[in-house]
1. Got a sec? Which helices (runs of 4 or more DSSP H) wholly within segment A:14-115 have at least 2 residues that are of a type in the set (Val, Ile, Thr)?
2. I'd like to check something: does segment A:91-101 contain any residue that is at negative phi, more than 8 Å from every other protein chain (Cβ to nearest Cβ), within 23 Å of the chain's Cα centre (by Cα) and without any contact (Cβ under 8 Å) to a residue 40 or more places away in the chain?
3. When the residues of segment A:70-86 are narrowed to those that are out of contact with any Lys or Arg (no Cβ under 8 Å at 6 or more places or on another chain), in contact (Cβ under 8 Å) with a residue 24 or more places away in the chain and surrounded by fewer than 21 Cβ atoms within 10 Å (Cβ to Cβ), which ends up nearest to the other protein chains (Cβ to nearest Cβ)?
4. Restricting attention to segment A:189-196, does a residue exist that is in contact with a helix residue (DSSP H, G or I) (Cβ under 6 Å, 6 or more places away or on another chain) and away from chain B (no Cβ under 14 Å)?
5. For segment B:166-204, name all the residues that are of a type in the set (Gly, Ala, Ser), modelled with pLDDT of 90 or more and part of a helix (DSSP H, G or I).
6. A:ALA164 passes all but one of (1) farther than 26 Å from A:ASP9 by Cβ; (2) at pLDDT 90 or above; (3) not acidic (Asp, Glu); which number fails?
7. I'd like to know if segment B:57-67 contains one or more residues that are polar (S, T, N, Q) and in contact (Cβ under 8 Å) with a residue 40 or more places away in the chain.
8. Tell me which residues, restricted to segment A:177-186, are closer than 17 Å to A:PRO87 by Cα, touching a residue at least 40 places away in the same chain (Cβ under 8 Å) and within 14 Å of another protein chain (Cβ to nearest Cβ).
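The values are calculated or read from the model by the stated rules, or taken from the named source; none is laboratory data. This structure is a prediction, so every number in the text was calculated from the model and none was measured. Don't worry about glycine lacking a Cβ; one is built from the backbone with ideal geometry, like all the others, and counts go over all protein chains shown.
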Amino acid sequence: MTTVAPGWDTPALVLDAVAVAYDRVTALDGITGTVAAGESVALIGPNGSGKSTLLKAILGLVPLQAGSITVLGRAPTAARRAVAYVPQQDALDAEFPISVSQVVTMGRYRRVGWVRRPGRHDKAVAAEALHRVGLSDRAGDRFGTLSGGQRQRVLLARAIAQDARLLLLDEPFNGVDGTTQELLLGLLGELRAEGVAIVMSTHDLSIAQVACCDACVLNTHQVAFGPVDEALTAEHLREAYGTNALLLVSDGPSPRA
Amino acid sequence: MSRLFIEPFQAGYLQRALIEAVILGIVGGIVGVHVVLRRLEFMADALTHTVFPGMAAAFVLGGSLYVGALITGVASAVLLTLLTRNRRVTSDAALAVLLTGFFSIGVIIVSRSRTYTADLTTLLFGRVLAVDVAQIIATALTGLAVLVVLWALHKELVLRAFDPEATAALGYSVTTLDLVLNVLITLVVVSAVRAVGSVLVIALLVTPAAAAQLLVRRSVGAMMATAAVLGAVGGWLGLVVSYEGSIHHGWRLASGGTIVLVLTALFASVLAGTATVATLRRHGRRPGAAATTLEAAAS
């Protein structure tokens, strides 16, 4: 590590009273919290509560109305290379003519740079990432021929190939099969052990409790941010979700894995 | 064989038409892959209309059609990129407003000319048989420039087409990439418009690429190669059919229109062929079926 790059003791993410507005309508307000290297936080809240907006703000893709975001000691736009974003697999065109290994190699593009093509090292890193998600045998297949769960694993492999220190996942467990769920949980644990910080949006409380040490409960404004058992209380969830919260609580927190 | 390759192309003007049509087929096919993958067909069509006033003005003023088309084409590519970014205007509405607005300017300019009908026909339907050496050079250089930029930005443009969210997350400017692609599409439109006219130019961009999409599923590069071959074959075969029909049968087949019709026929054959193969596979024995079932059971 050179002196320019922040060390592992620098927090991966610092949110300080973050507020975002679209066309003067508040989308996010008063989000405050810290995620250290190797920690993971679940963003919990109903649809439209600002989970995706917060992920975009951490990527520096939406302007802040107030507050500040610091990613690995830098402004979000300056830290993008060290931040990997994993979209929902069903947002992608299943007919697109692209192979699984090409998708994973995309994680290397910023390191490869303009004009040049991915080299032997980049391809090796991509192959290793694909191996970690257990899909080496599908490398040459078209991305769209994979199942939803497998596609989600490929997108995680792309993020791994990027060698990021902060991983942002948008509903990574949406519509995935049991095998993929266990594999993803295991991989996220390994990555945390390697010092990667993780922020994931999810509507699944049991997943949040298994996969994350912290939770941020939000509904436009921040309801709670802290260790999962302190943040995911019935009271907080009722505040975020309204009356349905009790149903969710009685349904959710028994860990499936 | 001679009737396919040699006889039609003995006259100089037909040789020039062949070179022009093949270059346009190749470049249009390759750029068209991005048009089809990004579902930009309507936007590309809008660009073919927005180059019209520039050509009309150049025509009336006696200037270069190419320069006229280039000026309004690039201006509208920039306007389109900015307009479609605006969240308060839906992109299709923005396109429709811009294309009809630009096109009406062209109509007004051309209708002031005394040789109105003949001029309009030339601008709308093109004259591939009147292509001169200077035009071929302009087309070749423009095509080369377009292909060089496409090659240089290949991985970024494919990434943007496949996953715009991740493209932005990686720190690329999606707007800049879109602007570059729109200008490239415009350049192809501008170089093709004198040969096939502003109404039919969209076929060079969409038809070979759409056919290639049916044939190639594994990579964008392979799809581009296929579209280039289909585009070139369409250009050549279209000229042959037009020559055969006009010289030997007295059908008077307009060359630009025939090229597009041949491309359409190629697309239809590919569609019919791939549909037949798919049906046969579904009803016949399926060697992959057992493997697929095993895989589903395992996951």
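1. Counting at least 2 such residues, we get A:51-58, A:100-105.
2. yes
3. Among residues in segment A:70-86 that are out of contact with any Lys or Arg (no Cβ under 8 Å at 6 or more places or on another chain), in contact (Cβ under 8 Å) with a residue 24 or more places away in the chain and surrounded by fewer than 21 Cβ atoms within 10 Å (Cβ to Cβ), the one nearest to the other protein chains (Cβ to nearest Cβ) is A:ARG74.
4. no
5. Scanning segment B:166-204 gives B:ALA166, B:ALA168, B:ALA169, B:ALA203.
6. (1)
7. Checking segment B:57-67: not a single residue is polar (S, T, N, Q) and in contact (Cβ under 8 Å) with a residue 40 or more places away in the chain.
8. Correct list: A:GLN181 only.
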